[in-house]
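Engineer: Take a look at the following structure, please.
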Amino acid sequence: MSRRLATLFAAAGLLLGGCATISDGLDAINPFSSSGPKMAPLPPLKPTADVRIAWSASIPKAGDYSFTPAVVEGVVYAAGAKGTLSRIEDGKTVWKIDADQPLSAGVGANHKLVVVATPKGEVLAFAADDGKPLWKAKVSSEVLASPVVGDDGVVVKSGDNQVFLLDATDGGRKWAYQRATPPLSVRSAGSPVLADRYVFVGYPGGKLVALAIQNGAPVWEGTVALPKGATELDRVADVVAPPVVDGRQICAVAFQGRIACFDMGQGGAMVWSRDISSVSGLAMDGRYLFVTDDKGTVYGLDRLSGSSLWKQDKLKNRRLSAPVIRRGLVVVADAEGIVHFLSREDGSFAARQKTDGTPVRAPLQALGSAVLVQTTGGEVSAIEVQ
């Protein structure tokens, strides 16, 4: 395996799986290790926006996993690898429970239910108001992607790329969907997305699949990227980040592939595509689409055509998170726990905020006018944009 590819997988907290003959010491790769390409030094900054940490809370470390906090009407639910799950309001921990076993994914939540998952494929549900255990379910393998809680149940994607819909009241299995995958794929923490009557799931081989929420039947399939190359490693072209939806448009991006946008109102017809590789993901608003590529460049694109508006390439090799949009700013975080605020219009640096100095792997979340950041070191912070 090339050092560049190994570093990219490690930087995203992702490992190769699905082929017992591929080893190359991948399990021994230390994410964000000094053996990878040197991170670009940060350029001098003259702030044009005011940001501040509104509050911070401590939770257990993420370990080798990626934990995404859930936000429900201003309430934050966050988890760590040792099994702790917390409800946080305005920076104050309202309750904290111990799941009595290690966790590998979380958090999914609504106003009634909080859901996490384990390396053994167990899905654990707790009451949102007091953290009381409600039910436990079992899926086919380790869960890396945060469960998604919706009106029709809890959607869980397991590490072997099966998708399950569980009953929100007792965890009973409503349906399961399985498809063939390539012999080599990226171990993905990208969650499914619920929109309209569908569950949208990114898959190895560059596919985006729409499943009917009612019964799990595939409704349409879009090709985000086509695997190409002489070796199985070269042919890895996986959708590892969650797709984004706005109105009728859904967009996804593949590692060693491209971005593609589809029209849900026309049965998943492709609107446009362009070659950009990412393991982090996308953000979209009414006019623009933003993406961080696997080299640390942030792009601003026209969401209707995919044409370039700007690119910010001064964060090279800083292993950026997926972007989030807040108050006219595009926000990304890096492997040193630094949060960067870029102008939505031209990509110029507007502000910068340090956290605890540990990597940010989890997607950033919107929290009112703030940005919610969870570091691997166990800090959850709300960074207010003034």
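The values are calculated or read from the model by the stated rules, or taken from the named source; none is laboratory data. Note that the structure is predicted; figures quoted are calculated from it, not measured. Note that each Cβ is placed from the backbone with ideal geometry, even for glycine, and that neighbours are counted across all protein chains shown. Ligands, DNA and RNA are stripped out before the accessible areas are found, and what is left, the full protein with its side chains, is counted by its heavy atoms. Shrake-Rupley method; radii C 1.70, N 1.55, O 1.52, S 1.80 Å.
Engineer: Out of the residues in region 94-117 that are assigned to a loop (DSSP other than H, G, I, E, B) and open to solvent by 50 Å² or more (accessible area, probe 1.4 Å), state the one that is nearest to Thr376 (Cα to Cα).
Structural biologist: Per the stated criteria, the residue is Pro102.
Engineer: Please enumerate the residues belonging to region 353-369 that are over 15 Å from Arg319 (Cβ atoms) and polar (S, T, N, Q).
Structural biologist: Passing the criteria: Gln353, Gln365, Ser369.
Engineer: Further question on the same structure: Residue check: is Ser66 touching a Lys or Arg at 6+ places or on another chain (Cβ under 8 Å), assigned to a loop (DSSP other than H, G, I, E, B), of a type in the set (Ser, Thr, Tyr) and surrounded by 14 or more Cβ atoms within 10 Å (Cβ to Cβ)?
Structural biologist: Details: touching a Lys or Arg at 6+ places or on another chain (Cβ under 8 Å): yes; assigned to a loop (DSSP other than H, G, I, E, B): yes; of a type in the set (Ser, Thr, Tyr): yes; surrounded by 14 or more Cβ atoms within 10 Å (Cβ to Cβ): yes.
So Ser66 passes the test.
Engineer: Right, next: Looking only at residues in region 14-33 that are open to solvent by 80 Å² or more (accessible area, probe 1.4 Å) and within 24 Å of the chain's Cα centre (by Cα), which one is modelled with the highest pLDDT?
Structural biologist: Per the stated criteria, the residue is Asn30.
Engineer: Counting only residues that are assigned to a loop (DSSP other than H, G, I, E, B) and more than 25 Å from Leu364 (Cβ to Cβ), which one in region 132-143 is least open to solvent (accessible area, probe 1.4 Å)? Break it down stepwise before answering.
Structural biologist: Within region 132-143, the first condition is being assigned to a loop (DSSP other than H, G, I, E, B), and the residues that meet it are 132, 139-143.
Filter once more, keeping what is more than 25 Å from Leu364 (Cβ to Cβ): 132, 139-141.
Values: Lys132: 123, Val139: 7, Ser140: 57, Ser141: 29 Å².
My answer is Val139.
Engineer: Can I ask one more? Of all residues in region 277-303, how many are more than 17 Å from the chain's Cα centre (by Cα), at pLDDT 95 or above and not charged (D, E, K, R)?
Structural biologist: Result for region 277-303: 5.
Engineer: Taking Gly286, is it open to solvent by 40 Å² or more (accessible area, probe 1.4 Å), without any contact (Cβ under 8 Å) to a residue 60 or more places away in the chain, part of a loop (DSSP other than H, G, I, E, B) and within 23 Å of Val245 (Cβ to Cβ)?
Structural biologist: In short, yes.
Engineer: For region 367-382, check the following and say yes or no: at least one residue is in contact with a Ser or Thr (Cβ under 8 Å, 6 or more places away or on another chain) and of a type in the set (Asp, Glu).
Structural biologist: yes
Engineer: Right, another one. Kindly establish whether Leu342 is closer than 19 Å to Ile53 by Cβ and either assigned to a strand (DSSP E or B) or under 15 Å from the mean Cα position of the chain (by Cα) (or both).
Structural biologist: yes
Engineer: Considering only residues that are open to solvent by 50 Å² or more (accessible area, probe 1.4 Å) and touching a residue at least 24 places away in the same chain (Cβ under 8 Å), look in region 240-253 and name the one that is nearest to Asp167 (Cα to Cα).
Structural biologist: Val245
Engineer: Still on this structure: Exactly one condition in (1) out of contact with any strand residue (DSSP E or B) (no Cβ under 6 Å at 6 or more places or on another chain); (2) in a strand (DSSP E or B) is false for Leu372; which is it?
Structural biologist: That leaves (1) as the condition not met.
Engineer: Oh, and also: If we keep just the residues of region 149-193 that are without any contact (Cβ under 8 Å) to a residue 60 or more places away in the chain and acidic (Asp, Glu), which is farthest from Pro242 (Cα to Cα)?
Structural biologist: Result: Asp170.
Engineer: Give the residue, chosen from Gly91, Gly74, Gly80, that is open to solvent by 10 Å² or more (accessible area, probe 1.4 Å), in contact (Cβ under 8 Å) with a residue 12 or more places away in the chain, in contact with a Gly (Cβ under 7 Å, 6 or more places away or on another chain) and farther than 19 Å from Gly153 by Cα. It would help to see each step written out before you state the result.
Structural biologist: Numbers: Gly91 fails: in contact with a Gly (Cβ under 7 Å, 6 or more places away or on another chain); Gly80 fails: open to solvent by 10 Å² or more (accessible area, probe 1.4 Å).
Just one listed residue meets the conditions, Gly74.
Engineer: Let me ask something else. Tell me, please, whether a residue that is of a type in the set (S, T, N, Q) and at positive phi can be found in region 245-263.
Structural biologist: Yes, there is a match, as at least one residue in region 245-263 is of a type in the set (S, T, N, Q) and at positive phi.
Engineer: Picking from Gly328, Gly368, which residue would you name as being open to solvent by 10 Å² or more (accessible area, probe 1.4 Å) and without any contact (Cβ under 8 Å) to a residue 24 or more places away in the chain?
Structural biologist: Gly328
Engineer: I'd like to check which strands (runs of 3 or more DSSP E) are fully inside region 156-239 and have at least 1 residues that are farther than 30 Å from Trp135 by Cα and open to solvent by 10 Å² or more (accessible area, probe 1.4 Å).
Structural biologist: Values: elements: 163-166, 173-177, 193-195, 198-203, 207-212, 218-223.
In region 156-239, the matching strands (runs of 3 or more DSSP E) lie at 207-212, 218-223.
Engineer: I'd like the residue in region 300-314 that is under 16 Å from Asp263 (Cβ atoms) and of a type in the set (D, E, K, R) and, out of all such residues, is least open to solvent (accessible area, probe 1.4 Å).
Structural biologist: Arg303
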